[in-house]
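Asks: Can you keep this structure in mind? I'll have questions shortly.
Derivation of every value follows stated rules applied to the coordinates shown; laboratory data play no part. The structure presented is a predicted model; accordingly, all values stated were derived computationally and were not measured. All Cβ positions, even for glycine, are placed from backbone atoms using ideal geometry, and neighbour counts span all protein chains on display.
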Amino acid sequence: MALAAALWGASYMFIKVALDDGVSEGAIVFIRTLLGAAVLVPLALRAGALQPVLERGWWNVLVVAGLQVIVPFALITWGENHVPSALAGILVASSPLFIALLATRIDHAERAHGWGLVGVLLGMAGVVLLFGVDLSGDAETIVGGLMILGAALCYALAALVVKRKFTGVPSVGVAASTIAVSAVAYLPLAAATFPTSAPGFATVASLVVLGAGGTGVAFLVYYALIANYGPARAAVIAYIAPAFAVVYGFALLGEEITAGTVAGLALILAGSWLAAQGRLPSRLSRSAPSRSSVPAPARAR
């Protein structure tokens, strides 16, 4: 769990390193998805996990790829031109809040009640705090923050679509197919904007770890956790990764951590937990193993 959270939390830092070295946004997303697909597709083929995905229809695969990878990866990458990596990681953690809000109209089974509603209010207060304190500079900063919030909204929509269309389908098949489709979709943009000069070693290493690690290996670890410990316990990763993003941004990129950052992080994570779990934190229940099928929405970071 710590490994997957550390890789996901580092994704925002790696994106920032590549952007600062002049790598285009399209090239970053393409390299990331290409390397992620290189890790996941062979494993999905070995497990025979792609055929069940295709049986649900190519249209559904394209919709999930768009909502879970193509659009949010672009919003995060372009948004990080104007927003520190630590704040990007925190804002993406608001996805469970959007799930709770969307569920009121789309999926009544996911509707928030009681403590869940309190969590939505807490999380939204954290978002407002971040925009009022740390993202209150020029218009570009605000737009960058809104783009990353848009990515969190896309993840929420993708979660609800995956639940409806791919429940019972092998998770590695869903991840491999959507990431592979996304790599193909970004190929033309990457070809048109690929760096004309070789990037530095730090940038190359960042892109390799971002793609193979944060988009490939992290998914494998996450699905192994689902299979061995159940989806409820595996989902805790979503609340650990933003803390890693803050630490990386501060320790390795020299980003400032303000009182607003800490307070916003606390409110969003607490709110997301309550919105998703509908209860106060307690010892996690021991969920029965769910052998590698999609029992709950698969998420990309």
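Asks: In debye, nearest 20: dipole of the chain around its Cα centre with unit charges on the Cβ of K, R (+) and D, E (-)?
Replies: With Lys and Arg at +1 and Asp and Glu at -1, about 1360 debye.
Asks: I need the semi-axes of the equivalent ellipsoid of the chain: take the C-alpha gyration tensor, multiply each eigenvalue by 5, square-root it, list largest first in whole angstrom.
Replies: 26, 26, 17
Asks: Let me have the 222 nm mean residue ellipticity of the chain computed from DSSP H runs of 4+ only, each contributing -39500 (n - 2.57), with the sum over all residues rounded to the nearest 500.
Replies: Theoretical 222 nm ellipticity from helices: -22500 deg cm²/dmol.
Asks: How much net charge surrounds E255 when only the other residues with a Cβ under 11 Å from the Cβ of E255 are counted, with Lys and Arg +1 and Asp and Glu -1?
Replies: Residues near E255 contribute -1 overall.
Asks: Just to confirm a number: summing +1 for Lys and Arg and -1 for Asp and Glu over residues other than I70 whose beta-carbon lies under 14 angstrom from that of I70, what do you get?
Replies: 0
Asks: Hey, in the GNM for the chain with a 10 angstrom Cα cutoff, which one of G48, G145, G216 fluctuates hardest?
Replies: In this elastic network of the chain, the residue with the biggest mean-square fluctuation among G48, G145, G216 is G48.
Asks: Work out, step by step, the length gained on full extension between W58 and A192: first 0.36 nm times the residue separation, then minus their alpha carbon distance; give nm to one decimal.
Replies: That pair, W58 and A192, stretches by 45.5 nm at full extension.
Asks: What is the distance, in nm, between label points placed 7 Å from the Cα along the Cα-to-Cβ direction at A205 and at V133?
Replies: For the pair A205/V133, the computed spacing is 3.3 nm.
Asks: First check a/c for the range 130-230, with a ≥ b ≥ c the square roots of the eigenvalues of its C-alpha gyration tensor; if it is under 1.5, answer rounded, and if not, answer prolate when a/b is larger than b/c or oblate otherwise.
Replies: It is oblate, given that a/c is not under 1.5 and a/b is not larger than b/c.
Asks: Moving to a separate point now. For the range 1-143, what are Rg and Dmax over the alpha carbons, in angstrom?
Replies: So, for the range 1-143, Rg and Dmax equal 17.9, 50 Å respectively.
Asks: A further question on this structure: Under unit Cβ charges (Lys, Arg +1; Asp, Glu -1), what dipole magnitude, rounded to 20 debye, does the range 72-176 have relative to its Cα centre? Don't skip to the end; give the middle numbers.
Replies: On the way: 5 positive and 6 negative charges, 117 e Å.
With only Lys, Arg, Asp and Glu charged at Cβ, the dipole is about 560 debye.
Asks: Given the peptides 114-120, 80-86, arrange them by the average over their residues of other C-beta atoms within 10 Å, most packed first.
Replies: Final packing ranking: 80-86, 114-120.
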